[in-house]
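Worksheet: the structure to be examined is printed underneath.
Computed from the coordinates by the stated procedures, all read-outs in this text should not be read as laboratory data. Because the structure is predicted, anything quoted here is derived from the model rather than measured. Using ideal geometry, Cβ is built from the backbone for each residue, glycine included, and neighbour counts are taken over all protein chains shown.
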Amino acid sequence: MLKICCIGAGYVGGPTMAMIAKKCPDVEVTVVDVNERRIAAWQSDDLPIYEPGLDEVVKEALGRNLFFSTDIDRAIRAADVIFVSVNTPTKTFGAGAGCAADLQYWELCARRIREVAESDKIVVEKSTLPVRTAEAMERVLHAGDHGAHFEVLSNPEFLAEGTAMADLENPDRVLIGGHDTPSGRKALQTLVDVYAQWIPRERILTTNVWSAELSKLTANAFLAQRVSSINAISALCEATEADVSEVAHAIGTDSRIGPKFLRASIGFGGSCFKKDILNLVYLCESYGLKEPADYWRQVVLMNAYQESRFVTKMLRSMFNTMAGKRIAVFGFAFKADTGDTRESPAIRVCRQLLDERAAVTICDPKALDNARMELGDAAERVRFELDPYKACEGAHAIALLTEWTQFKELDYERIYASMEKPAFVFDGRNILDHQALYDLGFEVYSVGKALKSHYVS
Ligand code: UDX
Ligand code: UDX
């Protein structure tokens, strides 16, 4: 029986391993983590992350061929294949601070594997890493005179949060990079055989290790670049009365462009886009490629502009003062259907609102605990409210920051009646029915569309 161990029971490691265990009953999967609470939660009815469909998959395999443990050494020793899925955040210190990936956890894992392994292992990079990290890892793994052989593969994960289970069950492609050597080819085949148990072989792409590593960064950079591009156009739409949804639809029907990732918004968030682009920027810079570095950095700068532009618009339209005014913030997660708030544009937007001394109430069906943590000391000045109707009582404005379906289905007539007048709606995701809101009496602001105001002609 093939034994897989995964170090890191986070958003990536947990769901990915649960899916492998579900689809491959003949493979034993053990997920380990230094965080005891997280491991305990994975074994309970209250999983540590919210992901539609995840509960069922974990329940099906838990205790059968899916195990969670804090005994990292034991799991490493027993495994044939070790996935490393620990976090690789942007460095906050030293060389490359604010840009480069912090590889300390990854390297610690590699050292641990070398120390405790007693037999040959396939070590799989699941975390997103700079190109040529595998080379450094191989050196760490083979330092000294270890009797065992470690074969490093790169198998980046393309799942998106909120749709992780569907993405894992039916991915566009699985990408595995390995070395073109006998042991590299053998390791690659071992991993291909695992995925081939439920994914058509033609969707399993194999490349060299460096291409796999770079493809992950490039995929995220391209996706983020599309969001920044349409957001740049949204600013122009507001100035010219073009409608960004119409423009997006018009260009998206060109089969060369395609319709996805063209939704104008307050900006992209999530643990990957910004981190991976900055990582790419740092890589370009370290190879002396200034223009490519500047090109990709602009995608991140555009995103920050979009966030602060949103708050500026709120301020200007609310007569240049928000001090003491109550703002109901609809949504704090970085996108719908997740409780994840990492790099959520809502963090910066709420902080800017607090800087303006607005009285902020945050309402989100899944992300209130994370929102509290994310805001740190500033959380003391914020009200957290699960019920959107209560959040709006006496409010001057609604700022919609996450596209949760439930916000579309509210009784806005009731909400309007309970708010201060003039009542403003700032739809940062363009999901509400703007004409209907306007007809109810709201002042309606959206991203990349003309303002709907009862006062301005
Ligand atoms: C992480 C990376 O952020 C991302 O770059 C990569 O693509 C996949 O892995 P994610 O699963 O979202 O993504 O991270 P997170 O939810 O923070 O999970 C990482 C887990 O690793 C945490 O539970 C942490 O406790 C654990 N960890 C970290 C270890 O077990 N050992 C360590 O040394 C460090
Ligand atoms: C992304 C990639 O899609 C995934 O392949 C990779 O493995 C991890 O990073 P994720 O961060 O979970 O996944 O979410 P994604 O759906 O890509 O959205 C990222 C951000 O962009 C969100 O804040 C989302 O709201 C925003 N977005 C997306 C837009 O603003 N407009 C769009 O049209 C699409």
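Tabulated data for the structure shown
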quantity	calculated
Crossing angle, helix 104-116 versus the chain [Cα axis fit, 0-90 degrees, rounded to tens]	20 degrees
Cβ-based exposure ranking for Phe273, Phe330, Phe261, in which fewest neighbours within 10 Å come first	Phe261, Phe273, Phe330
Distance in nm between pseudo-label sites at Ala323 and Arg185 (7 Å out along the Cβ direction from Cα)	7.4 nm
Charge context of Ile266, other residues only, Cβ under 12 angstrom, K/R +1, D/E -1	+3
Residue order, fewest to most beta carbons within 10 Å, for Asp427, Asp294	Asp294, Asp427
Within the chain, helix-based [θ] at 222 nm, where runs of 4 or more DSSP H residues each add -39,500 (n - 2.57), nearest 500	-13500 deg cm²/dmol
Two-decimal log10 I(q)/I(0) for the chain, as the Debye equation yields it once each C-alpha is a single scatterer, q = 0.07, 0.09 Å⁻¹	-0.40, -0.65
Options Asn65, Ala101, Ala41, ranked by Cα towards positive dipole end of region 33-165, top entry (Cβ charges)	Ala101
Rounded tilt (10° steps) of 133-142 against the dominant C-alpha axis of the chain	40 degrees
Estimated distance in nm for a label pair at Arg111 and Ala40, the labels positioned 7 Å out from Cα along Cα-to-Cβ	2.9 nm
Links that overshoot a 23 Å alpha carbon limit, given the list Lys91/Lys186; Lys3/Lys274; Lys22/Lys216; Lys260/Lys449; Lys325/Lys449	Lys91/Lys186; Lys3/Lys274; Lys22/Lys216; Lys325/Lys449
Burial ranking of peptide ranges 1-10, 251-260 (average Cβ count within 10 Å, highest at the top)	1-10, 251-260
Ranked list, fewest to most other Cβ atoms within 10 Å of each Cβ, for Ser154, Ser44	Ser44, Ser154
For Ala95, net neighbour charge (Lys/Arg +1, Asp/Glu -1) across residues whose Cβ lies under 14 Å away	-1
Given charges at beta-carbon only (K, R positive; D, E negative), |dipole| of the chain in Debye	680 debye
Extension gain from Arg381 to Glu135, taking 0.36 nm per residue of separation minus the Cα-Cα distance	83.8 nm
Convex hull volume of region 1-128 per residue (C-alpha atoms, cubic angstrom)	111 Å³
Estimated FRET transfer efficiency (Glu246, Arg173; beta-carbon r; R0 45 Å; 0.05)	0.90
Acute angle (nearest 10 degrees) that the helix 13-23 long axis makes with the longest principal axis of the chain, alpha-carbon atoms	60 degrees
Spin-label model distance (nm) - Asp433 vs Glu118, 7 Å beyond Cα toward Cβ	6.8 nm
Between region 1-51 and region 236-291, the alpha-carbon center distance in angstrom	33 Å
